[in-house]
Amino acid sequence: MSNSVKRIVSGARTTGRLHIGNYLGSLKNWVQIQNENKYECFWFLANYHALTTDYETPQKAGDQLIELYADLLSIGLDPAKSTIFIQSDIPGHAELFLIFSMITPIGWVERNPTVKEMIRDYDLKSNVTHGLLGYPILQAADIALYKGDFVPVGKDQLPHLEISREIVRRFNNLYGDIFPEPQEKLTEVPLLKGLDGKKMSKSLQNTIFLTASEKEIESAVKSAVTDPGRVYRTDPGNPEICNVFSYYQILDPGSIEEIRQDCKTASIGCSQCKKRMMKLLNDFISPIREKKDEFMNTVEGKAMIFDSIEKGRKKAQTVANQTIQEIKEIFHFEVKHVEN
Ligand code: TRP
Ligand code: SF4
């Protein structure tokens, strides 16, 4: 059932440009895990999952595939080390999703807090589709198709992973030990909020994109909410309630004592403090932005993207085929010609 080299599987929903919250919350971890060279890694763009909420704008999900794939390469995912692919390129995701749907009680998915949160965030209420309810079932299929042992995700994904384990356990009980029970590999980085202090989310327009231009960074930081009590330059500030300060804590932990002191004693003003944050963000984003530019805007770069997508598809397909073959045997889908 389990391989000697443990397998890692994780996906990113293709619902828009990636932001630094996506990166610090999970993608950075993907790159680290890949470079540990300890695991066989499968990373994919979850474009079926994008449709659970964005089915009315399919072109959006499609148009962004190349961009997002280039993003993954730009942050350091490497097709020579990992299998990097697109979910819908591999029909096995849909097939296993269907099989898993047969054995998943509705109660399991209805009480999933992450799905409930999505219903709230997207304001779906009575508009919940069967596909959205099935979100965690599709995710379980994503992982099991490659017999994933570990799944690097952020905290918000834990309820999904719990359902994945329950589904796999049920499947194994019914049909024999086929799938390993996937364990989470949590990212240590704390959840990064938007600069307005709310949850970082594309729909709230409080994100900083992973390939943001210098101008975009500037205007995002400029509009950041700081300590509202600090009205005049000479007012001492309270960094603990300032969103800019929370960014320092994550992006440059070495500087926080100094900033805390300078803020409390009004030795620096917010605009100066924000300028320093803009530079930090730009130093962190610009290498990624430049790589992405090379991929997207040169002939060789573009060719590299398409070659990598094809390579990822082939590698993922080989592994997926083996699992689907096992499934077909379990369910007696292979019709054999029997002589009588
Ligand atoms: N639900 C994940 C997210 O929103 C994306 C995802 C889809 C995923 N399938 C997966 C993550 C399988 C890990 C494994 O981030
Ligand atoms: Fe926030 Fe910096 Fe202003 Fe203090 S000085 S309130 S930490 S932006």
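Of the listed pairs Lys199/Lys315; Lys116/Lys185; Lys275/Lys311; Lys198/Lys302; Lys116/Lys274; Lys38/Lys279, which have alpha-carbon separations greater than 31 Å here? Correct reply: Lys199/Lys315; Lys275/Lys311; Lys198/Lys302; Lys116/Lys274; Lys38/Lys279. Qualifying trypsin sites (Lys or Arg not before Pro) in the stretch 84-147, where qualification requires a DSSP coil assignment and no more than 16 other C-beta atoms within 10 Å, comprise Arg111. Positive end of the dipole of the stretch 211-295 (Cβ unit charges, origin at the Cα centre): among Ala224, Asn282, Ile256, the Cα lying farthest that way belongs to Ala224.
Whole-Hz Karplus values for the stretch 323-339 come out as 5, 5, 4, 4, 4, 4, 5, 4, 8, 6, 7, 7, 7, 9, 7, 9, 7 Hz, taken residue by residue from phi with 6.51 cos²θ - 1.76 cosθ + 1.60 and θ = phi - 60°; glycine and proline positions read x. The angle between the Cα long axis of helix 135-145 and the longest principal axis of the Cα atoms of the chain comes to about 60 degrees, rounded to the nearest 10. Exposed loop sites are taken as chymotrypsin sites (Phe, Trp or Tyr not before Pro) in a DSSP loop (any state but H, G, I, E or B) with at most 13 other beta carbon atoms within 10 Å; the longest stretch of the chain without one runs 56-231. For the stretch 288-293, the Karplus equation 6.51 cos²θ - 1.76 cosθ + 1.60, evaluated at θ = phi - 60°, returns couplings of 5, 4, 5, 4, 4, 4 Hz by residue, with Gly and Pro reported as x. Carbon-plus-sulfur accessible fraction, the chain (probe radius 1.4 Å, protein heavy atoms only): 52%. Just to be sure I understand: of the beta bridges DSSP finds with both ends in the chain, what percent are antiparallel, rounded to 5? Taking every DSSP beta bridge within the chain, about 10 percent pair in antiparallel fashion.
For the chain, the Cβ-based charge dipole about the Cα centre amounts to some 560 debye (Lys, Arg positive; Asp, Glu negative; other atoms uncharged). For the chain, set up a GNM with springs between Cα atoms under 10 Å and report which of Thr298, Thr323, Thr226 has the largest fluctuation. For the chain, modelled as a Gaussian network with Cα springs under 10 Å, the answer is Thr298.
Couplings for the stretch 221-227, taken from phi via the Karplus curve 6.51 cos²θ - 1.76 cosθ + 1.60 with θ = phi - 60°, read 5, 4, 8, 5, 7, 9, 5 Hz in order; Gly and Pro are left as x. In the chain, if the dipole is taken from +1 on Lys/Arg beta carbons and -1 on Asp/Glu beta carbons about the Cα centre, which of Asn243, Gly25, Val335 is farthest to the positive end? Among Asn243, Gly25, Val335, the one farthest towards the positive end of the dipole of the chain is Asn243. For the stretch 261-340, the Cβ-based charge dipole about the Cα centre amounts to some 640 debye (Lys, Arg positive; Asp, Glu negative; other atoms uncharged). Proximity of backbone amide H atoms, modeled 1.01 Å from N, is registered between Glu184 and Val151 at under 5 Å, excluding neighbours fewer than 5 places apart on the same chain. Excluding same-chain neighbours fewer than eight residues apart, the lysines reachable from Lys60 by a Cα-Cα span under 16 Å are Lys202. Across the chain, Cα-Cα pairs more than 32 Å apart make up 37 percent of the total.
Report, in deg cm²/dmol and to the nearest 500, the calculated mean residue ellipticity at 222 nm for the chain, where each DSSP H run with n ≥ 4 adds -39500 (n - 2.57) and the sum is divided by the residue count. Don't skip to the end; give the middle numbers.
Numbers: 14 runs with 180 residues, N = 340.
-16500 deg cm²/dmol, from helical runs alone.
The residues of the stretch 2-114 expose on average 39 square angstrom of accessible surface per residue, using a 1.4 Å probe on protein heavy atoms.
The values are calculated or read from the model by the stated rules, or taken from the named source; none is laboratory data. In this text, all values refer to a predicted model and were calculated from it rather than measured experimentally. Virtual Cβ from ideal backbone geometry, glycine too; neighbours counted across all protein chains shown. Remember, those area values only see protein heavy atoms, side chains included, never the ligands or the DNA or RNA. Shrake-Rupley method; radii C 1.70, N 1.55, O 1.52, S 1.80 Å.
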